[in-house]
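These notes are about the structure you will find just below.
The values are calculated or read from the model by the stated rules, or taken from the named source; none is laboratory data. Computed from a predicted structure; not experimentally measured. Methodologically, a virtual Cβ is constructed for each residue, glycine included, from the backbone with ideal geometry; neighbour enumeration extends over all protein chains shown.
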Amino acid sequence: MIHCELLVVGAGAAGISAAVSAWKAGCHSILLADRAVQPGGILPQCLHEGFGIATFGKELTGPEYAAKLSESLQRTDILYYPETEVLSIAHEKTAVISRRGALDQVGFEKLLLATGSREKTIGALPIAGTRPAGIFTAGQAQERINLLHQDLGQNILILGSGDLGMIIARRFTLEGKHVIAVLEQNAHYSGMARNYHRCIEACRIPIRFRTTVTEVHGTGRICGVTIRNLETGEREQIPCDTLIIAVGLIPERELVRGLGDPDWLYSVGNCRQIYDIVDSAVAEAEQITRKALSL
Amino acid sequence: MEQIDAAIIGGGILGCFTARNLCRWKLSVAILEAREDVCTGISRANTAIVYPGYDHVPGTLKAEMTVRANAYFQTLCEELDVPFLRCGSLMLSYGEQADKVLQKKYLQGLQNQVPGLKLLSAEEAYVLEPMLAPGLHTALYAPSAGTVNPWQLGIAACENAVHNGAHLFLNRKVEAIHKVDGGYVLETENGSLFARGIVNCAGLDSASVQEMLFSPSVRIVPTAGDYLVLDKSVAPVPSRILQYEPEQKGKGLTVVPTVEGSLMLGPSDRENEIDYATTETGLSFVREYSHRLLPDLDLTGVIRSFAALRPNPQRTDGSRINSFSIEHPAPAFWSLIGIKTPGLTCAQELGFYASRKVAAELGAEPNLSFDPLRKNIQSVHSLSFEERKALVGNFPDYGEVVCCCEDVTKAEVLEAIHRGAVSVDGVKRRTGTGMGRCQGSRCEQKITALLAEVLGVPESAIPKDGKKSEIVWGSRYDTL
């Protein structure tokens, strides 16, 4: 059994910031467990700039922000376990963690949950038709393009105009792909104005409001979708070879489901609430950590 | 030309079980499957129920087989190391017409000797399933009903057949059959083959396969149905199979607790459909009826929808079919045409039936070294901490979690590939990866990479499921 005072689950922006601020506050028995190979959570795959204005006074790219977090982590003696899956958390203040070649129990005094969020997938949407290859969530596409350097398709349709949808639309355009349109069910884009200007306007990507996908066509690979105008009810078939689902994030709290609200458990970052800006997630994570330690 | 004793056309669940049972005789056996893997057609998507046997006309082979198969199911699943959940079922009536149907099924069930069958009052049924909508009249309780994962069972039977010496020929679509002296020649897309006997288990194509040589007395009219799957985290959920019997002739609804712990709702029936596409009306029907039957069920927990096809057999002369349509148009040629519900329940029985007939015609001796046992891929999820720790210590790959929703490790994925998975869905069918709440959006990348690495091909050659379903088109590094 591994013992620590503080177990932090997830080494994204919120998790690292929380762990580092706890260490600075004098808590020197910290285990930071994370699923990924490199620290930073989703940041390393966000090649675009726009992170860190509040914290660092300038716009950084995701990898630059992640590098700063990683440096701050290295200046501590926090025990950092990458490529580690936290399998379960129990009322007895123990967790089970799994790594290559090792399964361990971890005993802790306090737990900071920083597990981020997961994306809503097409399965959760009322979209009929087939489920062929060529349908990705925005984050999944971002990982495949930016980190794995893969070519996902040529004619891209994007469902959802949140920040993720707009940013992936620009990414595909920069890759030389044809973004047919971004579809948005509301009458206004749902992400930040900054992203609308930089991605949709600057790349001249068509955006269609009050429109949604009702059906997917194709066996093997997706060959098109039926879209519906929510005002007029009018339907239209649009050919495409790739469909990106960018319809929102769900806080990932499965590990603590059923635990209730024990006094040793704190949540930071996107598993607490979905933040638009990483700086706010970080600031609040640090605040919550200080509170957690003072109790 | 390759020569074998018995050729099975189609590697769905029936073909796999026929192969398994043919291995009980000293025969050389081969499954000819058109696709790249087994159980990719109708065996891949259906209601997953092991029926108790009250639905069928007493005295028919179908009634007799279903009751016998149900009683044997636990043993079968132990032999093949496949999970089986004997959760029981409630057929539900909310009106007088449906009461009559239940009464008829009850009497039929008694005649068929279905064990434990009971007609319950509404009060009794609400005790068992408190979530049921108010207004219930009666319920027919069948404690012997259960659920099984259809593709897991089929794959298990196939592995067991191969273990006992059967050949599995993939990508071998049968294009023509000729009658020759002492047997048949099967022309496939990858060469011809001589077989002394044939069992046609081609599912949706079974009538057209028989037509290559003899005209069948039934044709297949497929029915499609749409289903929804709820995440495991949805609570509360009913713990038994629920079958809502409609008051007027029309659509019912089935609610199925799966062996994986999720809840499946469906189907909405549509006749004469031949593709696996769901429809808007079908999906909203399932939602609406689910809400009507279980008003407190949290339908925001839907993680997947899918369509299933059923090969409905229709007699060409219009007469009614009460039992399985099994045809024997020529010596050592058997066709299982249009085996719909309860084909999953009876897969082992039907496979045994067909193989016994063929073996007798071919004059085969029993194979006394037949081994009915098969081991599933070792899953870590069900293990205790100590067991899992020991396994991870001995085999480091068991420590690397690939699918975080369903807790599936790298070792399991590698074993699935070793056992024949060549696609992302092939891995899914063998290990459960991608079946959870994120629907593979976090593990698909890792699985395509592992498939590419083990199979020695670029990732752009890895399909999602079948031909022309490659997930990525290439990598920037491919051209460097």
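Some observations on this one:
- Selection within region A:56-94 - surrounded by 17 or more Cβ atoms within 10 Å (Cβ to Cβ) and basic (Lys, Arg): A:Lys68
- Residues in region A:95-116 that are at the interface with another protein chain (Cβ under 10 Å from one of its Cβ atoms) and farther than 24 Å from A:Pro44 by Cα: A:Val96, A:Gly101, A:Ala102, A:Leu103, A:Asp104, A:Gln105.
- Within region B:239-289, being more than 14 Å from every other protein chain (Cβ to nearest Cβ), among the acidic types (Asp, Glu) and not in a strand (DSSP E or B) holds for B:Glu247, B:Glu260.
Each row is one residue, and each column tells you yes or no for (1) surrounded by fewer than 21 Cβ atoms within 10 Å (Cβ to Cβ); (2) of a type in the set (Ser, Thr, Tyr); (3) at pLDDT 95 or above.
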site	(1), (2), (3)
B:Met264	no, no, yes
B:Asn272	yes, no, no
B:Tyr276	yes, yes, no
B:Thr279	yes, yes, no
B:Asn312	yes, no, no
B:Arg315	yes, no, no
B:Phe324	no, no, no
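- Of all the listed residues (B:Ser384, B:Ser319, B:Ser355), the sole one being farther than 30 Å from A:Thr94 by Cβ, without any contact (Cβ under 8 Å) to a residue 60 or more places away in the chain and among the hydroxyl-bearing types (Ser, Thr, Tyr) is B:Ser319.
- Residue, nearest to A:Gly218 (Cα to Cα), within region A:144-165, restricted to residues that are at the interface with chain B (Cβ under 7 Å from one of its Cβ atoms) and touching a Phe, Trp or Tyr at 6+ places or on another chain (Cβ under 9 Å): A:Gly153
- The residue list A:Leu43, A:Leu79 contains one member that is more than 12 Å from every other protein chain (Cβ to nearest Cβ), of a type in the set (A, V, I, L, M, F, W, C) and out of contact with any helix residue (DSSP H, G or I) (no Cβ under 8 Å at 6 or more places or on another chain), which is A:Leu79.
- Strands (runs of 3 or more DSSP E) wholly inside region B:302-349 containing at least 2 residues that are within 14 Å of chain A (Cβ to nearest Cβ): B:302-315
- Checked against the criterion of being within 14 Å of chain A (Cβ to nearest Cβ) and among the acidic types (Asp, Glu), the candidates B:Glu415, B:Glu470 yield just one match: B:Glu470.
- When residues of region A:196-225 are limited to those that are touching a helix residue (DSSP H, G or I) at 6+ places or on another chain (Cβ under 9 Å) and within 14 Å of chain B (Cβ to nearest Cβ), the one farthest from B:Val472 (Cα to Cα): A:Thr214
- A:Gly123, sole failed condition from (1) surrounded by 23 or more Cβ atoms within 10 Å (Cβ to Cβ); (2) part of a helix (DSSP H, G or I); (3) within 7 Å of chain B (Cβ to nearest Cβ); (4) more than 14 Å from the chain's Cα centre (by Cα): (1)
- Screening region A:1-115 for helices (runs of 4 or more DSSP H) wholly inside it with 1 or more residues that are hydrophobic (A, V, I, L, M, F, W, C), under 23 Å from A:Asn146 (Cα atoms) and modelled with pLDDT of 95 or more returns the ranges A:13-24, A:62-74.
- Considered as a group, the residues in region B:290-301 that are within 11 Å of chain A (Cβ to nearest Cβ) and touching a residue at least 40 places away in the same chain (Cβ under 8 Å) include one that is farthest from B:Ala122 (Cα to Cα), and that residue is B:Gly301.
- Residues of region B:389-412 that turn out to be among the β-branched types (Val, Ile, Thr) and more than 7 Å from chain A (Cβ to nearest Cβ), as a count: 3
- Boolean, A:Val86 is at the interface with chain B (Cβ under 7 Å from one of its Cβ atoms) and over 30 Å from A:His217 (Cα atoms): no
- Strands (runs of 3 or more DSSP E) wholly inside region B:149-231 that include at least 3 residues being within 30 Å of B:Leu297 (Cβ to Cβ) and of a type outside the set (Ser, Thr, Tyr): B:218-230
- For region B:367-383, the set of residues classified as within 11 Å of chain A (Cβ to nearest Cβ) and surrounded by fewer than 18 Cβ atoms within 10 Å (Cβ to Cβ) consists of B:His381, B:Leu383, listed by residue number.
- The single residue among B:Thr75, B:Thr40 that is in a loop (DSSP other than H, G, I, E, B) and polar (S, T, N, Q) turns out to be B:Thr40.
- The condition of being surrounded by fewer than 21 Cβ atoms within 10 Å (Cβ to Cβ) and in contact with a Gly (Cβ under 7 Å, 6 or more places away or on another chain) holds for only one of A:Ile53, A:Ile42, that being A:Ile42.
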